[in-house]
Amino acid sequence: SQQGEEDPQALSIQEGENATMNCSYKTSINNLQWYRQNSGRGLVHLILIRSNEREKHSGRLRVTLDTSKKSSSLLITASRAADTASYFCAPGTGGFKTIFGAGTRLFVKA
Amino acid sequence: DVKVTQSSRYLVKRTGEKVFLECVQDMDHENMFWYRQDPGLGLRLIYFSYDVKMKEKGDIPEGYSVSREKKERFSLILESASTNQTSMYLCASSGTGTSDSNQPQHFGDGTRLSIL
C-alpha cells in the first residue's frame, strides 16, 4: 500500500461553486478511493475508482483517474455548506492495508 | 448499512494506566483496523487484524497491543499510557474482497483520548 498526497492542503470556496481536490501517488495501483471526514467524526467512504476506469460519478461527485500521471481528482459540483469537511484519497495496491494522506480541508462558506 | 461502534467518544486517563479501547462491527467483516489521527499527520495505522486471533503491526505499534477474540470485536490496548498517546483513535472494518484490491473501509466515530 502507499500514501496519496492531497493538494491543496486547504480550500475555501463560496456555496454553489465547484471544489476540486487532487491526489498524486507514486507507484502502480489497483484502485483509488476517496473518503470524507466531518469534524470530530470518522471517515466516510465516498467512491472507489478502479485502475482501468478514467472517470466515475456519484451524485455531485466526479472522480477522474490518470494512471499515466499517477494522479486523481475529486470534483464536488455546486458545493453546499454541508460539504465542509476533510477529504482523503487512498491509492490501493492490494492487500489489507490502506494508507491515508493528510487530506484536503474544504471550507464552504454559506 | 455497516455500523462500526467505538465504546467511548471521549476518554480521560492518567499516565501509566492500562487503557482499553473497544470497537465492534456488525457486518461480519474479516478485516479490522486501528488508527490514530493527529493534526497535520493524517491517519496512521497502529495495528490491523485480518481474522480472529490474527494481528499485524501497522506503522506505529509501539506502546500498543490488540486483541481479537471474536470476529466482530477488535480491542486496542495501551499498556502503560503516556501523554504522547493523547490523540483521536479511529477503528475501521472492511470485507476481504479479492486479494488484489483494497476494499472500502467503514469507520467508527472515533475516541478522543486524553492522557493526563
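Contact annotation: residue pairs with Cβ atoms under 6 Å, 6 or more positions apart or on different chains, pairing a residue in segment A:21-36 that is farther than 12 Å from A:SER73 by Cα with a partner that is of a type in the set (Val, Ile, Thr), are A:ILE29/A:THR93; A:ARG36/A:VAL44. Picking from residues in segment B:1-38 that are aliphatic (A, V, I, L, M) and more than 11 Å from chain A (Cβ to nearest Cβ), the one that is surrounded by the most Cβ atoms within 10 Å (Cβ to Cβ) is B:LEU21.
Criterion applied to A:GLY103, A:GLY59, A:GLY94 was being within 11 Å of the chain's Cα centre (by Cα), at positive phi and small (Gly, Ala, Ser), and the one residue passing it is A:GLY103. In segment A:1-22, the qualifying residues are those that are closer than 16 Å to A:THR64 by Cα and at pLDDT 95 or above, and the one that is surrounded by the most Cβ atoms within 10 Å (Cβ to Cβ) is A:MET21.
Restricting segment A:38-86 to residues that are open to solvent by less than 20 Å² (accessible area, probe 1.4 Å) and polar (S, T, N, Q) leaves a set whose member that is nearest to the other protein chains (Cβ to nearest Cβ) is A:SER72. Within segment B:59-77, the residues that satisfy the criterion of being over 11 Å from B:TRP34 (Cβ atoms) and touching a residue at least 24 places away in the same chain (Cβ under 8 Å) are B:LYS71, B:GLU72, B:ARG73. If you scan segment B:50-75, which residues turn out to be under 22 Å from B:GLY16 (Cα atoms) and surrounded by fewer than 18 Cβ atoms within 10 Å (Cβ to Cβ)? B:ILE60, B:PRO61, B:GLU62, B:GLY63, B:SER65, B:SER67, listed by residue number.
Evaluation of B:ILE46 against the conditions (1) among the hydrophobic types (A, V, I, L, M, F, W, C); (2) within 25 Å of A:LEU48 (Cα to Cα); (3) open to solvent by 30 Å² or more (accessible area, probe 1.4 Å); (4) within 13 Å of chain A (Cβ to nearest Cβ) shows that the sole unmet condition is (3).
Being aliphatic (A, V, I, L, M) and open to solvent by less than 20 Å² (accessible area, probe 1.4 Å) narrows it down to one residue among B:LEU116, B:LEU78, B:LEU41; which is it? Within the list B:LEU116, B:LEU78, B:LEU41, the selection yields B:LEU78. The set of residues from segment A:23-37 being closer than 26 Å to B:ARG112 by Cβ and surrounded by fewer than 17 Cβ atoms within 10 Å (Cβ to Cβ) is empty.
Residue-by-condition table, conditions (1) touching a residue at least 24 places away in the same chain (Cβ under 8 Å); (2) more than 20 Å from A:GLU15 (Cα to Cα):
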| position | (1), (2) |
| --- | --- |
| A:SER51 | no, yes |
| A:HIS57 | no, yes |
| A:LYS70 | yes, yes |
| A:ALA78 | yes, no |
| A:SER86 | yes, no |
| A:CYS89 | yes, yes |
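Whether a residue is touching a residue at least 12 places away in the same chain (Cβ under 8 Å) and open to solvent by 60 Å² or more (accessible area, probe 1.4 Å) was assessed, and B:ASP109 does not pass this test.
The values are calculated or read from the model by the stated rules, or taken from the named source; none is laboratory data. Note that this is a predicted model, so its numbers are computed, not measured. Cβ atoms come from the backbone with ideal geometry, glycine included; neighbour counts cover every protein chain shown. Each accessible area value is taken on the protein alone, full model and side chains, heavy atoms only, with ligands, DNA and RNA left out. Shrake-Rupley method; radii C 1.70, N 1.55, O 1.52, S 1.80 Å.
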